[in-house]
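Since the structure comes first, as structure tokens, the remarks are kept for the end.
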Amino acid sequence: MSNLISAVAWVKRGVSQQHPTKYVLDDEELERVSKLARIELEDARLELERAHQAATEMGKGLDVEDEAGNMEEDGETKEGDNEDDWEDEDDNAMDVDSGLDKKKSKLAPKAKDDLSEYNLDDYDEEETDAGGLFSNIKGLTYYKDNNDDPYITLKEDPEDDERIELEVLPTDNLLVVAKTEDEISQLEIYVYDESEENLYVHHDLMLPSFPLCLEWLDYAPVSSSSSQSQSNTPNNGFGNYIAVGTLDPEIEIWSLDTVEAMYPSTILGRPDKTKAHIPVPLGTGKKKKKKTKARQKDDSCHVDAVLGLSWNRNVRNLLASASADRTVKLWDLSRHPLGNPESGEGGGAIRSFDVHKDKVQAVQWNLQEPSVLLTGSYDRTVRTFDSRAPGTGVGAAVGSDVEALRWDPWESYGFYVSLENGMVLNYDARTLPSNLDTPSTARFTLSAHDGAASSIDVNPNIKGCIVTGGTDKLVKVWNITDEDNGKKNVSLVTSRDLGVGKIFSTQWSPDDPLTLAAAGSKAKLQIWDLGSNFGTRKVFAGKLKEAGKILKEKEAKDGHGGVIGVASDDESEDDDDD
């Protein structure tokens, strides 16, 4: 598996805790983890006892063998243990000593003549000056810890140093990166200081499977912890979390305010232990099949990789997921992930939608219409529907596999779709038919990239400003304006190879109008500050003024052209990446 970054997510300024907490693995946390992982403690204890017993038996066997070997060695020694068999070596030793004494007697007069001037024989009887520089050195006390030394008034506290090192200022952004390197997958959490143009890794979280998508949310999900379940919404329901979709049919939700965490805050969609990790037969085994048999669907959980996630910012306890099992599911984060036997409430997804005939690549909630979803699939269609009545939805055939999609935050009915053939389409949902056999025309079609247009994002601060990224390794920024005849005019503002390889993710900053993040096949993250480009500032000056945004004029430092990355000792890059 090659090194790459598959997804990037921004965290707004002021959301993160200034001083993150450290993960504590206590008894309560162990109980919570065991419940989430569907591990029975008694079974675990039995397995541990069996392993310990086996290890003990193996250890005893070795001890017996060792003792037997020692007995044999001792026996051989005792057989030859006879005083007559011993050879007296004292005579030889005396001969050696006598030889050495002769050599010493020859060298002694010469050595004495050489050292006589130093008066070494009377060295211990000489009187020393009691008032010398180091006269009181015997009275000095050595303290292993400077905090115990009464003469040191500025005490050192390692915890304070670590606290300062992990501090996240209110003016800092966080970026969460889904990274796989050397077959190890993890979440890397970066801190970006815009004023200093500084980007560095704050901490990381290990993942059990290859990550495919990320979604930030501020809703604190209910976990298996009894204390958290009772309070239900700690910190008034607001938090700092990241949802991760992986190749496994599960959704992990991690707290970004906890460092060194070993286990997520909660897991959605983990199937019952009777169905977990059971392979699905794909044929009779007599001959190979080109197509594998689809796994049996389950309305309560996904049975294949999770490809897309979207958090509902209006109904904050709802999370939507798109999967390779061809379904879209809704999750209620206020419900216990394993269900509540007392109330009869089951765990798992609250709704499941079968609106596509192939893998569902992307999903997103409408910001103005809280119940409306937009989905895109490998069946080369997009659909938008009300989650309360999915049968009344509309859609369009797009002619190629869907790579990414976005609602336009400036129009409740407009959305963008990027395709595998490099095209970007813009639709008006009000004009789409309910029957996909009926032709549907896009408002405009844009040939964005040579190769797949793998990512797209709409600027939340500037109307009509979008960014696209493709497998041609280019990041492009576009300006879309309305003409008098009602049509859209699209123009390319700037384009750049950021050195991250094939682009897999492009995301606008939620705070800075002209700052974006991009990552791809070289497992590198780059920040592109377009505000340092005079031409870009000039193009969007009018729109920024209309939106009430003030963009400070600034020049790129150190000739990097507004591109900020993490300093690396090895800057050599291979352009022949996959």
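May I ask you to verify whether residue 247 is at pLDDT 90 or above, open to solvent by 10 Å² or more (accessible area, probe 1.4 Å), aliphatic (A, V, I, L, M) and touching a Ser or Thr at 6+ places or on another chain (Cβ under 6 Å)? Taking the combined requirement at face value, the residue satisfies it. For residue 492, the conditions (1) among the aliphatic types (A, V, I, L, M); (2) open to solvent by less than 40 Å² (accessible area, probe 1.4 Å); (3) not in a loop (DSSP other than H, G, I, E, B) are fulfilled apart from (2). Residue-level check: of (1) part of a strand (DSSP E or B); (2) open to solvent by 10 Å² or more (accessible area, probe 1.4 Å), residue 374 misses just (2). Does residue 526 satisfy being open to solvent by 10 Å² or more (accessible area, probe 1.4 Å), under 22 Å from the mean Cα position of the chain (by Cα) and under 17 Å from residue 458 (Cβ atoms)? When the stated conditions are applied, residue 526 does not pass them.
Is there a residue being assigned to a helix (DSSP H, G or I), open to solvent by less than 30 Å² (accessible area, probe 1.4 Å) and of a type in the set (Val, Ile, Thr) anywhere in the stretch 422-430? No, that holds for no residue. Residues in the stretch 405-418 that are open to solvent by less than 10 Å² (accessible area, probe 1.4 Å) and under 25 Å from the mean Cα position of the chain (by Cα): 405 alone.
Kindly indicate whether residue 416 is hydroxyl-bearing (Ser, Thr, Tyr), within 26 Å of residue 537 (Cα to Cα) and either modelled with pLDDT under 95 or part of a strand (DSSP E or B) (or both). For residue 416, the condition - hydroxyl-bearing (Ser, Thr, Tyr), within 26 Å of residue 537 (Cα to Cα) and either modelled with pLDDT under 95 or part of a strand (DSSP E or B) (or both) - is met.
Conditions tested, residue by residue: (1) at pLDDT 90 or above; (2) closer than 30 Å to residue 181 by Cα; (3) surrounded by 13 or more Cβ atoms within 10 Å (Cβ to Cβ).
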| site | (1), (2), (3) |
| --- | --- |
| 534 | no, no, no |
| 546 | no, no, no |
| 549 | no, no, yes |
| 570 | no, yes, no |
| 576 | no, yes, no |
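The set of residues from the stretch 495-523 being crowded, with 22+ Cβ neighbours inside 10 Å and aliphatic (A, V, I, L, M) comprises 498, 500, 503, 514, 516, 517, 518, 519.
Taking each residue of the stretch 301-315 that is free of Cβ contacts under 8 Å to residues at least 60 places away in the same chain and within 19 Å of residue 270 (Cβ to Cβ) and looking for partners that are part of a strand (DSSP E or B) and open to solvent by less than 10 Å² (accessible area, probe 1.4 Å) with beta-carbon atoms closer than 6 Å, six or more apart or interchain, yields 302/323; 304/323.
Annotation: residue 541 fulfils all but one of (1) of a type in the set (A, V, I, L, M); (2) surrounded by fewer than 13 Cβ atoms within 10 Å (Cβ to Cβ); (3) at pLDDT below 85; the unmet one is (3). Each residue in the stretch 490-503 was checked for being under 18 Å from residue 458 (Cβ atoms) and within 19 Å of the chain's Cα centre (by Cα), and 1 of them qualify. Scanning the stretch 259-269 for residues that are open to solvent by less than 30 Å² (accessible area, probe 1.4 Å) and either in a loop (DSSP other than H, G, I, E, B) or of a type in the set (S, T, N, Q) (or both) returns 261, 264, 265, 266, 269.
The values are calculated or read from the model by the stated rules, or taken from the named source; none is laboratory data. On a predicted model such as this, the values are computed, not experimentally measured, just so you know. Glycine also receives a Cβ, built like all others from the backbone with ideal geometry; neighbour counts cover every protein chain displayed. Surface areas here come from the heavy atoms of the whole protein model, side chains and all, with no ligands, DNA or RNA. Shrake-Rupley method; radii C 1.70, N 1.55, O 1.52, S 1.80 Å.
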